[in-house]
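First up is the structure itself, then whatever we jot down about it.
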Amino acid sequence: MRTMLAAAVVAVTIAGGLAATSRTDEAHAAIGGVTFSEEFNGAAGTPIDPAKWKFDIGGGGWGNNEQQYYTNSTSNVRHDGQGHLAITARRENPAGYQCHYGTCQYTSGRILTADRFSQTYGRFEASIKIGKGQGIWPAFWMLGGGSWPTTGEIDIMENVGKEPNTVHGTVHGPGYSGAEGIGAGRTIGAPLGDAFHTYRVDWSPGLIVWFLDGVEYLRLTPANLGGDPWVFDHNFFMILNVAVGGYWPGYPDATTQFPQTMLVDYVRVSAWTADGGGGLKSAFSGRCVDIPSANPVDGARLQLWDCNNTTAQKWAPQSDGTLRAMGKCMDPAGGGAANGTPIQLVGCNGNPVQRFTLSAAGDLVNVSAGRCVDVKDWNGANGAQLQLWDCAGTTNQKWART
């Protein structure tokens, strides 16, 4: 959580509907071509590309009582000549910078793509080797522009030095800003600063999924926000920075060594694509989601059937978040959200419970329930029925476009 008005972040336990069991992404449905790529191949000591990045500068505390002064100097932000961006926090004040607490003790860097690049939905990924130490606070994150927290914040990666093995993924918005941010942490068996790791979100309408080294550890839908507004359906820009101190990480102490550098190997963004409609094939049985009648009535229970490219199997995503076939919408029976809720076909009625999204990992997620479309009883035969169930990453919940 890295905004100018934030105070601290809450790491939510990976449990219940907030995050699914960790799993590796294998499918790539709904992810399109690369829209932004920065490989940081500049000569050693050279500045960042101003066509892609700009600087935040200053020492006002950034709403978190941070101690650093952000500069645009190559002492703090530069290419290392080995294919990396280096953002370095230093215990120094070469220019007599003044901070909110008096004469600054530290300098560092914060760069962003605001006014250069922003995008709605897609895959946002970076390979990063973070710095270490008490009070060191590296981050890779996004803001929606405008007034914070109204336009939202998506934290792809944050680490605080006192938790060297833990990455945090979080969102902030109206009603869940600052310390009330919603997210989770993932802890591994070695300090994140020992090696490069990939940090990523796959973001589509009504769904954001976090990955560490290709393994999912958190997913959020509007159902996780407790009735607060979902503000993640517009352009966001990216930020990379290393803060020093603040309410959440605490402050450097005698154990903290300077300088501390965050190395970034690459930043890449891909588009999210909403195709014009097609089959939804089960990874479990190889059969397609099917409407069981040529003239379906409201309440017709959806099934699996041999893929045949008929209109009863062509599902088109719409801008309102619905999936439509034969002029009707995929729908959870009775507007239900519980495990075992049947999936049916109903006339499109504007009810938010009719929103479904196909994630890049191949999960067909009901946005309101935060649960996945699941092949009931692991039935691989024609006529197998579909239901909502907690997302588990199993093959009976995996789908691909045909």
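A few remarks follow.
- Pairs from the list Lys328/Lys376; Lys281/Lys314; Lys281/Lys398 with a Cα-Cα gap above 18 Å: Lys328/Lys376.
- Highest-MSF residue in the chain out of Ile239, Ile188, Ile343 [GNM, Cα springs under 10 Å]: Ile188
- Cα centroid separation, segment 88-108 to segment 277-302: 62 Å.
- In this simple spin-label approximation, Thr395 and Asp377 carry label points 7 Å from Cα along the Cα→Cβ vector, and these lie 2.0 nm apart.
- Going from the fewest other Cβ atoms within 10 Å to the most, the residues Asp115, Asp374 appear in the order Asp115, Asp374.
- Dipole of the chain [Lys/Arg +1, Asp/Glu -1 at C-beta], most positive-end residue of Val201, Asn165, Tyr121: Tyr121
- Whether segment 208-292 is rounded, prolate or oblate, judged on the alpha carbon gyration tensor where a/c under 1.5 counts as rounded: prolate
- Using R0 = 51 Å, the C-beta based FRET efficiency linking Thr273 and Asn65 works out to 0.75.
- Candidates Tyr199, Tyr266, Tyr121, ranked by Gaussian network fluctuation over the chain, Cα under 10 Å, top entry: Tyr266
- Assigned charges on the beta-carbon of Lys, Arg, Asp, Glu; the chain dipole about Cα centre (debye): 260 debye
- Sorted on the mean count of surrounding Cβ atoms within 10 Å across their residues, most packed first, peptides 153-160, 280-287 read 153-160, 280-287.
- Modelled spin labels at Thr103 and Tyr251, positioned 7 Å past Cα toward Cβ, are 1.7 nm from each other.
Read the figures in this text as sums done on the coordinates, not as results from a lab. Note that the coordinates shown come from a computational prediction; the quantities given were computed from them, not determined experimentally. Don't worry about glycine lacking a Cβ; one is built from the backbone with ideal geometry, like all the others, and counts go over all protein chains shown.
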